[in-house]
Amino acid sequence: MSSLALRHVTFLGGYPRGTGETTGLTAVLDRSGIDLRRPIRRFLRLPWPTLRGLDIRTPSLFSMALDGPGLGSGGAHLDLHLDQGVCRLHVPGAPAPELRDRLAAWAADEAGPPEPLPATPPPPPRPARGPGDLVRMSLDLWRAAGVGREQVTDRNTLAYRLSVAEDHRHCGRFAEAVALLEPLASGAAAAFGPLDNDALAVRNALGQAYLAAGQVDDGLDVLREVVTAAEHGQGADGDLTLVIRNNLAVGYQQAGQYAQAVELHEQNIRHSERRHGRESRQTVGRRNNLAATLALAGYRRRAIALYWEVLDALPAGGRDDTLAVTARQNLAILHNPTWRP
């Protein structure tokens with residue numbers, strides 16, 4: 001078992017509370033966690049499962065002046081987020097990008113060859129508790145199919161039925177959702193045209209319902225068709241196209257087809273940059289989606305690098321932004337060499 005030692009580390013504050021600035025520490029990273037050691041004994045032990053987030057940043061001159069007069073302007077701040085607070089360390093001699101690379105290289109090497117998450121198995125059928133429950137489930141399915149076959153008269157009717165179908169899907173009633181959405185998709189296309197935004201939204205929901213029900217091939221077929229239609233109707237960088245392409249990537253990921261999922265996420269990032277700008281929150285969110293897929297595919301080092309891009313793209317005042325919190329959490333998970341998708 002190998003370890004990574006960071007020497008001459010200074011504890012700046014945070015957890016453990018009441019502890020003053022402490023110099024001359026060595027941070028030792030191994031498969032079980034992070035040890036902060038004095039020359040003779042342990043100062044603090046942080047097992048990987050206790051970490052809720054990890055951040056490495058170049059400190060500003062102002063923050064360095066506040067942290068301590070003895071600290072030079074070089075080096076980086078290493079923040080370890082725990083339930084009890086943030087343990088902040090100063091690591092000298094290594095700028096933040098270099099320290100990030102060192103930790104990522106160590107975690108990837110120690111973790112070993114990539115092990116992608118297998119394809120998601122289909123969900124088990126909803127159990128029926130006796131004959132009465134079976135009758136009620138059959139009636140629910142019949143009602144859903146009946147509502148779906150009724151003529152679509154206006155957009156409000158379409159929106160209501162789509163909402164009902166989505167409620168079924170989110171509650172795990174996948175058969176009811178599919179029974180409502182299949183005829184509703186045909187009705188919406190007939191009423192408003194196959195390239196209409198609302199008609200595309202229904203077909204997108206149908207593809208997601210197929211995926212949720214474990215009918216992966218059907219879901220991928222529908223979403224591929226919808227992406228093509230959306231690109232034709234809205235353009236390759238239309239907002240609805242971006243959403244549907246992301247859902248198709250998630251479908252490929254669910255099927256264990258990571259190369260296709262990664263390619264679609266990369267397309268989405270390029271189109272989002274063109275439409276919204278490289279540093280927009282929409283584009284940053286799509287980099288986050290790609291990072292998550294890379295992590296599940298076993299590409300730990302690429303995922304770590306992309307999560308750092310996500311954090312760096314967010315404004316300094318947005319440290320509590322949902323994307324920032326998620327990125328820090330996933331960075332803590334990915335630096336744990338024992339974690340597997």
Fill in the blank from the handout: Expected max-MSF residue from N156, N204, N268 in the GNM of the chain (alpha carbon, under 10 Å) is N156
Problem - Unit charges at the beta carbon, dipole of the chain: most positive-side option, G24, L12, P127 - result: G24
Exercise for the section: Distance from a point 7 Å along Cα→Cβ of A159 to each backbone N in region 175-197: keep the residues under 17 Å and list them by number. Expected result: 188, 192, 196-197
Problem - Residue-level accessible surface for Y299, protein heavy atoms, 1.4 Å, Å² - result: 100 Å²
Problem - Contact order relative to length of region 292-339, as percent, for alpha carbon pairs under 8 angstrom and 6 or more apart - result: 33 percent
Problem - Helix-derived mean residue ellipticity, 222 nm - over the chain, DSSP H n ≥ 4, -39500 (n - 2.57), to 500 - result: -18500 deg cm²/dmol
Problem - Rounded to 10°, Cα long-axis angle of helix 322-334 versus longest principal axis of the chain - result: 70 degrees
Fill in the blank from the handout: Kirkwood calc, the chain, C-alpha pairs only, radius in angstrom 22.9 Å
Problem - Angle between the chain longest axis and helix 197-212 axis [Cα atoms, degrees, rounded to 10] - result: 70 degrees
Handout entry: Net charge of neighbours whose Cβ lies under 11 Å from the Cβ of L200, counting Lys and Arg as +1 and Asp and Glu as -1
Key = -3
Problem - C-alpha center-to-center spacing [region 276-333, region 238-273] in angstrom - result: 16 Å
Problem - Solvent exposure of the chain as accessible area per residue, Å², 1.4 Å probe - result: 48 Å²
Practice task
Relative to the longest principal axis of the C-alpha atoms of the chain, give the angle of the C-alpha long axis of helix 96-111, reported between 0 and 90° and rounded to the nearest 10°.
Solution key: 70 degrees
Exercise for the section: For the chain, calculate the relative contact order in percent as a whole number, restricting contacts to Cα pairs under 8 Å that are 6 or more residues apart. Expected result: 15 percent
Fill in the blank from the handout: The answer for the longest stretch of the chain without any exposed GluC sites (Glu not before Pro) (DSSP loop, at most 12 further Cβ atoms within 10 Å) is 1-149
Practice task
Find which of H276, A108, S3 sits farthest along the positive direction of the dipole of the chain, computed with +1 on the beta-carbon of Lys and Arg, -1 on that of Asp and Glu, about the Cα centre.
Solution key: S3
Fill in the blank from the handout: Magnitude of the Cβ-charge dipole (Lys and Arg +1, Asp and Glu -1) of the chain about the Cα centre, nearest 20 debye, reported as 1160 debye
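The values are calculated or read from the model by the stated rules, or taken from the named source; none is laboratory data. Model, not experiment: these values are computed from the prediction. Cβ coordinates were reconstructed from backbone atoms using ideal geometry, including for glycine residues, and neighbour counts include every protein chain displayed. What goes into the accessible areas is simple: the full protein's heavy atoms, side chains included, and nothing from ligands, DNA or RNA. Shrake-Rupley method; radii C 1.70, N 1.55, O 1.52, S 1.80 Å.
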